[in-house]
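The values are calculated or read from the model by the stated rules, or taken from the named source; none is laboratory data. Bear in mind that the values here come from a model prediction, so they are computed numbers and not experimental data. Every residue, glycine as well, gets a Cβ built from its backbone with ideal geometry; the counts of neighbours run over all protein chains shown.
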Amino acid sequence: MARISWLTATSLVLLSWSVIAQTTKAQTTETEAPTQEAVQTSTANSSPATPSLEQLLSTPLSDVPQQIEVSTAARYAQSSNQSVNVTYVVTAADIELFQWQTLAQILQSLPGIYISSDSAFLYVGVRGLGQPGDFNSRLLFMLDGVRINENIYDAGLLGSDAIIDVENIDRVEFAAGPGAAVYGNNAFFGVVNILTKTAQQLRGGALRMTMQNNGSNRYFFNTARRLEQGAEWWFSASHQQHPELPLAFEPPAGDAEAYQALNHEHLSRLRVGYRQQGLRFQALWSGQTRYSPSSLLTPAGWQTVAVADQNDNFLLSLAHQHTIAEDLTLSGHLNQSGSRYQRNIPIYHPDFAQTILHNDQLGRWFSGDLLLQYQGLTAHDLLFGLEFQDDVRQQIEVLLAASNELYQGYYGHNQRKSMFVQDQWQLLPQHSLLLGVRYDDSRVSPARWSPRVGWIWQLNDAQNLKLLHGSAYRSANLYEFATNSSFFAPQPEVETVTSTELTFEQQLSRQFSYRLSWYYADIDDLIALEPAEAVFTNSNHMHNYGTELTLDWRLQSGAMFSAAWSWQRGQNALGQRLQNSPQHLVKLQFQQPISWLDAQFSATALGMSQRWVGDSPLAAYVVIDLGLTWQLSTEHLLAIQLQNAGDRMIFDRPIQSNPPALQPGRVFSVTWRWQLW
């Protein structure tokens, strides 16, 4: 009851503010109109040279974008004003401007999200929940609407192991909040949808090369072509080498040089696609080979050895969209996916001397969906959906190379079947309701219903008030099942979350807007690794709450400044703070055109407050990245970047059983892009 009163009081304050803002906006409009007319007259008289397509695409907006199209929250394209979910969007222009090189860096720029690393894997935390040992299974990751969480850990891959090159990304959408009502399992704290470029965005052929002062080098090539009658195809390939990855842990005395020599990786990716009318085919593959140093005790003493990891992933996807009638659209996907992770660990065996322990994890699955959108009813936008996933191969095997003896083997064959219905109901001209419910059934967890309800109040053209209440769940994956089985421990129960979120959005002028959100979540039976017993258990009841404030400011000169502040707090039934949970996140982004140089200057800052993992406090920090991008000509672009410009020493500890891992310091990189045709 106290929470309801607090929300009501806050809403009244916001409404009062909106009345004042309307008056201010009206006055501003009256004073700005002559200025805009003068600008148009001046532009017409100056008759500037016609800009190239590349220049048009790289020109920053002087106004804050309004009514951005988003598709992740409702599973069909709609204006952001019509979406009850808070949806954050990163575009290809943002990726180019700020020189983000991984999906993790893109997500790190979004409010409420923070990334941790143990130097081998990147872990994502959302709104204060980044439990140690979680492999990103509480976010649902999608590629053009197709689920890409693998089926052993339910993991989302964010770093060099990701299946997609950032150059192929057209936009990334993050729909915050539980999304089980339309997406089912793993949409626990939100959905990340990666929308890729086609021939229209790739524009011919290009070569891109990036070099860093740490020895890393990366090469990316793409070509695409639009054919007659609207058909198009595209192809890309990339290769990256890290000959000397920075050491995250202190090596044994005297072994620093040997450890550094064994700490390296290389990776490759391929992507090919074809689209004609409503039919689209796409194939992707990624392969990562990584070597990391370790010490092995033998009768001759300690030896430095290399642990080898091989990570391969592929996706084949066929999508089709067909307009049956003017107000009836049918779309769907049919996909085959696979992942294979192999780890080879040198060990000393009394019978075989030094040999290799193989850990082989293999996943194969088929999936598909069918969506029917009907807009024939007045004031209703109906969506019906059917989905399936057949995990035809789920395998974890541990065996000894010398004898080919199987030590442990865990196998699964899960099947998921789902159906959902959703209605976006324009109840009144200024009020709309979102009603949705989904039914999920699988072999490994009980059948469940996931409802959600949302309300949008369009106060005027510049102000929105949104309220969303929904739920989500996550079932134990094969890795959690195998871990507990090896210790004869009971299997974890399904974890659930119920969340309520209130959002107020306002555009004070064409150049300035802000968004303020409050959320509260009740979490039951959270699956977490118990360090003392090395098994997964269900935690007691938790609650998580916080607020997010984002600002977006544009200037006529082309300068842009955006800021995001997230305050979050979570605790369990005993009043204890959650692990790896920073209370404050601050993110700043700035860009300024340099007209005389035909360049763009960019700067980003990330500030994170102190957090605890186990008995270790991880210190607060601020890290700043700086960049400069020159459009040398229509064909050539040169970019330089300084990551962690202050060379700040940062530690992460995403795995509680490991010591804190030192993150990379200052990194200088140079990128050259050549538009071949």
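In this structure, does Ala605 turn out to be under 16 Å from Ser109 (Cβ atoms) and surrounded by 15 or more Cβ atoms within 10 Å (Cβ to Cβ)?
So Ala605 fits the description; yes.
Inside the range 379-418, can you point out the residues that are within 28 Å of Gly145 (Cα to Cα) and outside any strand (DSSP E or B)?
Listed by number, the residues that qualify are Ala379, His413, Asn414.
Looking at Ala489, Ala447, Ala476, can you tell me which residue is closer than 23 Å to Ser137 by Cα and touching a Pro at 6+ places or on another chain (Cβ under 6 Å)?
Just a single option satisfies the conditions, and that option is Ala476.
List the pairs whose first member sits in the range 252-278 and is under 24 Å from Thr198 (Cβ atoms) and without any contact (Cβ under 8 Å) to a residue 24 or more places away in the chain, whose second member is among the basic types (Lys, Arg) and not in a strand (DSSP E or B), and whose Cβ atoms are under 9 Å apart, counting only residues at least 6 apart or on separate chains?
none
If I filter the range 283-290 for residues that are in contact with an Asp or Glu (Cβ under 8 Å, 6 or more places away or on another chain) and modelled with pLDDT under 95, do I get at least one hit?
no
Looking only at the range 400-434, how many residues end up being in contact with a Gly (Cβ under 8 Å, 6 or more places away or on another chain) and either of a type outside the set (A, V, I, L, M, F, W, C) or within 22 Å of Asp369 (Cβ to Cβ) (or both)?
Summing the residues that are in contact with a Gly (Cβ under 8 Å, 6 or more places away or on another chain) and either of a type outside the set (A, V, I, L, M, F, W, C) or within 22 Å of Asp369 (Cβ to Cβ) (or both) in the range 400-434 gives 8.
For the range 612-665, give me each residue that is touching a residue at least 40 places away in the same chain (Cβ under 8 Å) and of a type in the set (Gly, Ala, Ser).
Within the range 612-665, Gly614, Ser616, Gly627, Ala639, Ser657, Ala661, Gly665 qualify.
Please list, ordered by residue number, the strands (runs of 3 or more DSSP E) wholly in the range 146-259 having 1 or more residues that are hydroxyl-bearing (Ser, Thr, Tyr) and at pLDDT 90 or above.
So the answer is 190-196, 205-212, 217-226, 232-242.
Limited to the range 382-410, what total is found for residues that are under 23 Å from Gly332 (Cα atoms) and modelled with pLDDT under 95?
Here the count works out to 0.
Residues that are in contact with a strand residue (DSSP E or B) (Cβ under 7 Å, 6 or more places away or on another chain), of a type in the set (Lys, Arg) and within 30 Å of Glu250 (Cα to Cα): find the strands (runs of 3 or more DSSP E) completely inside the range 544-656 holding 1 or more of those.
Counting at least 1 such residues, we get 611-613.
In this structure, is Leu270 aliphatic (A, V, I, L, M), surrounded by fewer than 19 Cβ atoms within 10 Å (Cβ to Cβ), within 31 Å of the chain's Cα centre (by Cα) and at negative phi?
Yes.
Quick grid of which residues meet (1) touching a Gly at 6+ places or on another chain (Cβ under 6 Å); (2) surrounded by 18 or more Cβ atoms within 10 Å (Cβ to Cβ); (3) at pLDDT below 95; (4) not polar (S, T, N, Q):
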| position | (1), (2), (3), (4) |
| --- | --- |
| Asn313 | no, yes, no, no |
| Leu318 | no, no, no, yes |
| His349 | no, no, yes, yes |
| Phe352 | no, no, yes, yes |
| Gln373 | no, yes, no, no |
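Any idea which residue in the range 140-151 is nearest to Leu103 (Cα to Cα), counting only those that are buried (at least 24 other Cβ atoms within 10 Å of the Cβ) and not polar (S, T, N, Q)?
Of everything passing the filter in the range 140-151, Phe141 is nearest to Leu103 (Cα to Cα).
Quick one: is His358 closer than 30 Å to Ser295 by Cβ, buried (at least 17 other Cβ atoms within 10 Å of the Cβ), touching a strand residue (DSSP E or B) at 6+ places or on another chain (Cβ under 6 Å) and in contact (Cβ under 8 Å) with a residue 40 or more places away in the chain?
Yes: the conditions hold for His358.
Does the range 243-251 contain any residue that is hydrophobic (A, V, I, L, M, F, W, C) and in contact with a helix residue (DSSP H, G or I) (Cβ under 7 Å, 6 or more places away or on another chain)?
yes
How many residues are aliphatic (A, V, I, L, M), part of a loop (DSSP other than H, G, I, E, B) and at pLDDT below 90 if we restrict to the range 105-130?
Qualifying residue count for the region: 1.
Among the candidates Leu637, Leu597, Leu574, single out the residue that is aliphatic (A, V, I, L, M) and either under 22 Å from the mean Cα position of the chain (by Cα) or crowded, with 17+ Cβ neighbours inside 10 Å (or both).
Going through Leu637, Leu597, Leu574 in turn, the sole match is Leu637.
Among the residues in the range 410-432, are any more than 30 Å from Trp455 (Cα to Cα) and of a type in the set (Val, Ile, Thr)?
The answer is no, given that none of the residues of the range 410-432 is more than 30 Å from Trp455 (Cα to Cα) and of a type in the set (Val, Ile, Thr).
So that you can scan it fast, the table gives a plain yes or no per residue for (1) surrounded by fewer than 19 Cβ atoms within 10 Å (Cβ to Cβ); (2) farther than 22 Å from Gln82 by Cβ:
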| position | (1), (2) |
| --- | --- |
| Val453 | yes, no |
| Lys466 | no, no |
| Ala482 | no, yes |
| Glu495 | no, yes |
| Ala521 | no, yes |
| Ala534 | yes, yes |
| Met542 | no, yes |
| Met560 | no, yes |
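Looking at the range 419-462 only, could you name the residues that are out of contact with any Ser or Thr (no Cβ under 6 Å at 6 or more places or on another chain), part of a strand (DSSP E or B) and closer than 30 Å to Leu478 by Cβ?
Met419, Phe420, Gly436, Val437, Tyr439, Asp441, Ser442, Arg448, Trp449, Pro451, Arg452
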